[in-house]
Amino acid sequence: MAEAQISTSAERAGGRRLVSGILWNGLGRGLPLLLALVITPFLVGALGIERWGLFTLALALIGIFGVFDLGLGMALTRGVSEKLGTGAVEEARAMIGATLFALLGVSACMAVALFLFVPFLVGRFLNVPDALQQEAVIAFQVLAAGAPLVVLNAALWGVLAAWQRFRLANLVNIPLNTFYYLGPLLVLFVWDSLIGVMLAVLLVRLLSGSAYAIIAHRDVPGLGLRDARFALLRPLLRQGFWMSSSGALTQLLLYADRFIIGAMLTLSAVAFYATPLDLIIRLWIIPVAVVQTLLPAIASSFRDLPESTALLIKRGALIVTLLALPASLVLIPGAELFLRLWLGETFATGGGKVLRILAFGIFFSCLSFIPGVLLEAIGRPDVTAKFSLLLGVIFLPLSIVLLLWIGIEGAALAWAARCLVDCLGRCWLAARLYPAVRDTMRELLWPIAPATLGLAVLVPLGGVAWPAILALAIFGLVFAAGWSIAAPQDKAHALGMIRRIGRRSA
């Protein structure tokens, strides 16, 4: 029995599944993102800057809502993966059914509360012009009414991730996520209203959830609803409370700035801050693609295969580093030019410096996903939650002080500093709580240190030529450091791929 369990865990943690999952998850989010970059200028033009600011706030509000599910959605992937790693398939299905029932009830209650809170938020808290008040209230309430879909879709995605059905799930994601951005623009051609935009977003979420349910039905007949065993929720609730707390604090720290700016400044200031931030966090597709693949693999292997788990963490961190760093190296010196070409001179002037600063922080935000997923997979989300609370106590007041002192650039500085501290803190906590990765975390300092120093030097530089040369040097140094710590089998595999590509090209 023990040998069978280890064999199952080893198979789920295999390198081939890791690479396949990362590629499909990256495609599922990356292709729609490219379309979003094209569509965003047209959406901004059709909505206007103030309504665009409201749109970003509405999506942020729903993003925050997604974590108030008692953490069951996030805990489900880990719990089911651990059951599958031990061969307890029937218990996994019963756990899924009980979780879906619980999430439906909790999310419905939270949606009602959010629906009732909207008039106060729009009328009393945010500086919304009188002409937009009624439209904003109805639009926010439409989105609130469909908020349970956010929670249920996340849970169904977690089921597919636990069974490692990344290919099928992303074949659905690509067209539907495309319409998540295209749908609102099409609606605006026939109905110039924020309400119609929210209805389009809601329809896409409904279609996504339906597609996930159909795919999940193959592995979980009836989605486990007929076999639900609510006793299995107890360990999920313990884990889920801390996962929910950690997620809520993370979302709060991510989105609090724009609400503070909306309350203290103007909707235009929100747009100039939130648009670069929304752009920069699109880079999360890189770590999300990696950690969604890592979580079920680590949850199945960390007890019996600590060396394999450490290798998974190293691979994940190096992949994220070598994919996220180039984006920061391009966006920091090219921030104003990019915004000018993308959204025009107004956004380049208003948000260029903000984008530079945020592009520094996003590298560390992406990297922090890797130790974070380890802490969740080994059952210690409580540590992440407590650490996030500490960061909130420090950085939210700092954000307000810097906002009052130097404007939205100050809020961006606080955000970037928090990302750096969060990344280093999570790495330290992971090494302390799971000793098998202690050496791995020490090795990762080799690429992280030059990346940190190089990005910090790059942020204040002007011009084009010198920043470009420096960016190339930084990437070369970090790549060399990463190659020096990579596993021998990964180096051999990479060199083999290069040779095959070279032969095909020849």
Residues within segment 432-448 that are under 24 Å from the mean Cα position of the chain (by Cα) and in contact (Cβ under 8 Å) with a residue 40 or more places away in the chain, tallied
8
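Within the group Gly105, Gly97, which residue is open to solvent by 10 Å² or more (accessible area, probe 1.4 Å), of a type outside the set (Val, Ile, Thr) and either assigned to a helix (DSSP H, G or I) or at pLDDT 80 or above (or both)?
Gly105
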Inspect segment 169-178 for any residue being farther than 28 Å from Ala256 by Cα, among the β-branched types (Val, Ile, Thr) and surrounded by fewer than 23 Cβ atoms within 10 Å (Cβ to Cβ) and give the result as yes or no.
yes
Would you check if Ala213 is at pLDDT 75 or above and open to solvent by less than 40 Å² (accessible area, probe 1.4 Å)?
yes
Taking the criterion of being assigned to a helix (DSSP H, G or I), touching a helix residue (DSSP H, G or I) at 6+ places or on another chain (Cβ under 8 Å) and within 19 Å of Ala487 (Cα to Cα), would at least one residue in segment 268-283 satisfy it?
no
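Could you tell me whether Val401 is open to solvent by 50 Å² or more (accessible area, probe 1.4 Å), over 24 Å from Leu322 (Cα atoms) and not basic (Lys, Arg)?
yes
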Within segment 463-471, is even one residue open to solvent by 40 Å² or more (accessible area, probe 1.4 Å), over 18 Å from Ser368 (Cα atoms), not in a helix (DSSP H, G or I) and not basic (Lys, Arg)?
yes
Would you point out the residue of segment 293-350, among those that are farther than 26 Å from Gly410 by Cα and basic (Lys, Arg), that is least open to solvent (accessible area, probe 1.4 Å)?
Lys314
Among residues of segment 255-267 being open to solvent by less than 10 Å² (accessible area, probe 1.4 Å) and over 19 Å from the mean Cα position of the chain (by Cα), the residue modelled with the lowest pLDDT is Leu267
Kindly evaluate Ala431 against the criterion of being surrounded by fewer than 23 Cβ atoms within 10 Å (Cβ to Cβ), part of a helix (DSSP H, G or I), of a type in the set (Gly, Ala, Ser) and touching a Pro at 6+ places or on another chain (Cβ under 9 Å).
yes
Restrict the check to segment 404-421 and report whether at least one residue is aliphatic (A, V, I, L, M) and in contact with a Lys or Arg (Cβ under 7 Å, 6 or more places away or on another chain).
no
Over 30 Å from Thr250 (Cα atoms) and surrounded by fewer than 19 Cβ atoms within 10 Å (Cβ to Cβ) - does that describe any residue in segment 449-461?
yes
Return yes when Thr8 is farther than 17 Å from Leu149 by Cβ, in contact with a Pro (Cβ under 7 Å, 6 or more places away or on another chain), modelled with pLDDT under 75 and in a helix (DSSP H, G or I) and no when it is not.
no
Have a look at Leu331, Leu318, Leu294 and point out the one that is without any contact (Cβ under 8 Å) to a residue 60 or more places away in the chain, on the phi < 0 side of the Ramachandran plot, part of a helix (DSSP H, G or I) and under 20 Å from the mean Cα position of the chain (by Cα).
Leu331
Return the pairs, sorted by first residue and then second, in which the second residue is β-branched (Val, Ile, Thr), the first residue lies in segment 476-497 and is touching a residue at least 24 places away in the same chain (Cβ under 8 Å), the beta carbons are less than 7 Å apart, and the residues are 6+ apart or on different chains.
Val478/Thr321; Gly482/Thr321
Take Ala131 and decide whether it is of a type in the set (A, V, I, L, M, F, W, C), modelled with pLDDT of 80 or more and out of contact with any strand residue (DSSP E or B) (no Cβ under 9 Å at 6 or more places or on another chain).
no
Just need a number here: residues in segment 268-290 that are β-branched (Val, Ile, Thr), crowded, with 24+ Cβ neighbours inside 10 Å and within 15 Å of Leu367 (Cα to Cα).
3
Give me a count of the residues in segment 404-420 that are of a type in the set (A, V, I, L, M) and either open to solvent by 10 Å² or more (accessible area, probe 1.4 Å) or more than 25 Å from the chain's Cα centre (by Cα) (or both).
6
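The values are calculated or read from the model by the stated rules, or taken from the named source; none is laboratory data. Owing to the predicted nature of the structure, the values given are computational and were not obtained by experimental measurement. Positions of Cβ are generated from backbone atoms using ideal geometry, with glycine treated the same way; all protein chains shown enter the neighbour counts. Only protein heavy atoms, including side chains, enter the accessible area calculation; ligands, DNA and RNA are left aside. Shrake-Rupley method; radii C 1.70, N 1.55, O 1.52, S 1.80 Å.
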